[in-house]
Amino acid sequence: MNDKRKVLGRGLDTLIPAARVATAAQPASGEMIHQLSVEQIDRNPYQTRSRFDETALAELAESIKASGVVQPVLVRPQLGGRFQLIAGERRWLASQRAGKTTVPAIVKQVSNEQAMEMTIVENLQREDLNCVEQARAYERLGREFGLTQEQMAQRTGKERSSVANFLRLLKLPSEVQALVEENKLSFGHAKALMSLDSPEAVLKLANRAVALSMSVRQVEGTVHRLVHPEPKREKAERQIDPNVREAERQLQRALGVRVQITDNKGKGRIVIEYKSLEDFDRVVEVLGRES
């Protein structure tokens, strides 16, 4: 595996050096740009992006109608005279919408492994994915190539802690991941929800955050209260003389309302509580009658 990883890393650095991944489809010295039929090109099976912004795609199509494709796509040759996309799927799709029959392309001879790594790393460096798609891309780099979080961070120019946070997203319930992909929750919301241990609690708070349009700070505050609940304060039990307690009971029976007597060496007060005007009238009537 280590030898394979070194080969992949060397191949990737040769094809798209770390400083140039974002411009992988720019022609290098001596590289030719071909005009390929859009129908000769097949979609990229290693594409990590699952959603395209339809508005942005439509705008790109209009731009291509007016000015053509400014940056060529990157493809690799396949059997039967066909080509497979490595980078530039949006440009390829927008060109078709714009009614173009050809698209400028750079053709590179790369292996399946190199094509996959180039696609994933380029998308991550372009920040062209939503955070769940980025998380899945990192997971795939680890699973397919055995890369550590540190190696992923080096390949993509990210902090290792950022890579770790993205990967933690995949531990959230699938329903919550879907809310993030649909932009109903942000990455900040998701990070806050990660502090909850119970999947049920995570999903419940996520749905509540969407329904109430809660801010990230509000979700963080709610999570903090759930994780660190305030200790319940035990009510100090009243120390009361048995004779005073009996007097309370007699008054409550006579008046039909709650009565509390506070006594301190023969001095104190009697508190009579009522919940309605009917209670009040009855107490006044009883007290008046006794007088």
TODO: Would you please name the residue that is surrounded by the most Cβ atoms within 10 Å (Cβ to Cβ), looking only at residues in segment 70-111 that are of a type in the set (D, E, K, R) and assigned to a helix (DSSP H, G or I)?
DONE: 91
Open item on the list: Suppose the filter is hydrophobic (A, V, I, L, M, F, W, C), within 20 Å of the chain's Cα centre (by Cα) and on the phi < 0 side of the Ramachandran plot; does residue 107 pass it?
Closed with: no
TODO: Would you check if residue 105 is aliphatic (A, V, I, L, M) and at pLDDT 85 or above?
DONE: yes
TODO: State yes or no: is residue 242 surrounded by fewer than 12 Cβ atoms within 10 Å (Cβ to Cβ), modelled with pLDDT under 90 and over 30 Å from residue 188 (Cβ atoms)?
DONE: yes
Task: Single residue of segment 144-160 satisfying the filter (assigned to a helix (DSSP H, G or I) and within 21 Å of the chain's Cα centre (by Cα)) that is farthest from residue 119 (Cα to Cα) - done: 160
- [ ] Name, by its number, the condition in (1) loosely packed, with under 14 Cβ neighbours inside 10 Å; (2) more than 22 Å from residue 183 (Cβ to Cβ) that does not hold for residue 151.
- [x] (1)
Open item on the list: Out of 251, 179, 147, 169, I need the residue that is touching a residue at least 40 places away in the same chain (Cβ under 8 Å) and at negative phi. Which one?
Closed with: 147
Task: Residue tally, condition more than 26 Å from residue 52 (Cα to Cα) and not small (Gly, Ala, Ser), over segment 160-192 - done: 1
Task: Answer from 137, 178, 164 - the residue that is of a type in the set (A, V, I, L, M, F, W, C) and crowded, with 18+ Cβ neighbours inside 10 Å - done: 137
- [ ] Count, please, the residues in segment 126-159 that happen to be over 13 Å from residue 49 (Cβ atoms) and not hydroxyl-bearing (Ser, Thr, Tyr).
- [x] 18
TODO: Check whether at least one residue in segment 184-194 is touching a Pro at 6+ places or on another chain (Cβ under 7 Å), surrounded by 13 or more Cβ atoms within 10 Å (Cβ to Cβ) and in a loop (DSSP other than H, G, I, E, B), and report yes or no.
DONE: no
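Name the single residue, out of those in segment 245-264 being among the β-branched types (Val, Ile, Thr) and surrounded by 14 or more Cβ atoms within 10 Å (Cβ to Cβ), that is modelled with the lowest pLDDT.
Filtering first and then ranking leaves 257.
The values are calculated or read from the model by the stated rules, or taken from the named source; none is laboratory data. Note that the coordinates shown come from a computational prediction; the quantities given were computed from them, not determined experimentally. Don't worry about glycine lacking a Cβ; one is built from the backbone with ideal geometry, like all the others, and counts go over all protein chains shown.
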